[in-house]
Amino acid sequence: MPFIKLQFRPGINRETTAYTNEGGWIDGDKIRFRAGLPETIGGWERYSQQAMLGVPRSLFPWAALDSSTYIGAGTQLKYYILDGGTPNDITPIRATTAAGEATFAAANGSTTLVVSDTSHGAAINDFVTFSAAVSLGGVVTAAVLNVEHQITSIVDSNSYQIQIAVAANASDTGDGGAGTIAAYQLTVGLDSAILGSGWGAGAWSRGGWGSAADVSIPGAQLRVWSQDNFGEDLLICPRGGPIFLWDTSAGLAARAVNITALVGSSEAPTVAQQVIVSERDRHTIAFGCDSQFSGGLRTHCWSAFPAKRPCLTGMSQAPQTQLAKSGWGLAPSSSQRCRPSSRSLFSPICRCTPCSLSAPLSRSVLKKWRRASL
């Protein structure tokens, strides 16, 4: 019997039966058709061979002015900038002590160190980096101390514990010296959500008897990041936390900094739920930021306008509200064009509500606005 060539039609047809679909495909899995023939879909390829700490829940790609491409990756523990597959830790610093405020205490034969720092404000799993510490006298040398450590236990509001790579001996009786500086990174979040409040929610015995459980304490919420690029720089915001800026020109070794610490910053938001930047007209909008006057959260937003851009009409402006990387001009009336100082990167900030906008925003901003979960 001679062979008969079977010519199958490309594509999968599930709208008919296998019998009536003569010469066609009825089912398939993990395939695609190329040049009329089925082939296996390629699998996932590992982007980076280096592991990141935590569970990444946010990825944001963008390009710098020199065509360098980056990916921002936020986890519940840290925030990274990936450059060519290499993760670079840019997690912001929450607080830095003065020299000598942090001291160490070691126990013979133990790898646990007790760190004393009055009102440290840290939580379990937070990261702290020590510098300028000296040897404790034995095997716990300066090289062991002056690195990044993760806090394993909170003793009280003035002390906590870390683990070191060596076990202390009887000679480790020092306290690290009078020059020790501790730099605390942003308080970590959770890798899973805590739902509800009241009886049974949160840690046992955390609140007063009969009171509702407050899950708004640091580290008690799922860590979700929002981020957007302002030109080649990156704005990042952990939900319910401060807004930070990473300056590309500072290099990958530099950390993101709080916008309230930028040169010329005044009355900047200290907390927000989400931050976005419009692509066309470069408005920086912070949803659910803290109120300038009452101090509480609200559904208003902050909008930063780039230099030489007209202000949107119909927006209530905060007088002399300023925020910038290196200085802001005064807020003009809505009928005037922005006139920033010569060293300003952006012009004034306006506080506004979505309903107060009478001038149209770009379509991309409106789409992001509708997606905001506030």
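The values are calculated or read from the model by the stated rules, or taken from the named source; none is laboratory data. Predicted, not measured: the structure shown is a model, and the values here were computed from it. As a convention, Cβ positions derive from the backbone with ideal geometry for all residues, glycine included, and neighbour counts pool all protein chains shown.
Give the residues of segment 108-161 that are aliphatic (A, V, I, L, M), crowded, with 20+ Cβ neighbours inside 10 Å, within 23 Å of residue 75 (Cα to Cα) and without any contact (Cβ under 8 Å) to a residue 60 or more places away in the chain, sorted by residue number.
Within segment 108-161, 128, 151 meet the criteria.
Kindly provide the set of residues from segment 257-273 that are surrounded by fewer than 17 Cβ atoms within 10 Å (Cβ to Cβ), touching a residue at least 12 places away in the same chain (Cβ under 8 Å) and part of a helix (DSSP H, G or I), ordered by number.
Within segment 257-273, just 260 meets the criteria.
Can you confirm whether segment 147-164 contains a residue that is within 23 Å of residue 242 (Cα to Cα) and aromatic (Phe, Trp, Tyr)?
no
Quick one: which of 131, 153 is among the polar types (S, T, N, Q) and at pLDDT 95 or above?
Just one listed residue meets the conditions, 131.
Considering segment 126-165 alone, what residues qualify as being assigned to a helix (DSSP H, G or I) and of a type in the set (Val, Ile, Thr)?
144
Please go through segment 110-125 and pick out each residue that is assigned to a loop (DSSP other than H, G, I, E, B) and of a type in the set (Gly, Ala, Ser).
If the condition is that a residue be assigned to a loop (DSSP other than H, G, I, E, B) and of a type in the set (Gly, Ala, Ser), then 110, 119, 121, 122, 123 are the ones that fit.
Against the definition (touching a Pro at 6+ places or on another chain (Cβ under 8 Å) and at negative phi), how does residue 255 come out, yes or no?
So residue 255 passes the test.
Based on this model, can you work out whether residue 79 counts as more than 29 Å from residue 122 (Cβ to Cβ) and not charged (D, E, K, R)?
Here the answer is no, as residue 79 does not meet what is asked.
Quick check on segment 177-192. Is at least one of its residues touching a His at 6+ places or on another chain (Cβ under 6 Å) and at pLDDT 95 or above?
no
Being without any contact (Cβ under 8 Å) to a residue 40 or more places away in the chain and within 30 Å of residue 233 (Cβ to Cβ) is the filter here; which residues of segment 9-60 pass it?
Matches in segment 9-60: 45, 46, 47, 48, 49, 50, 51, 52, 53, 56, 59.
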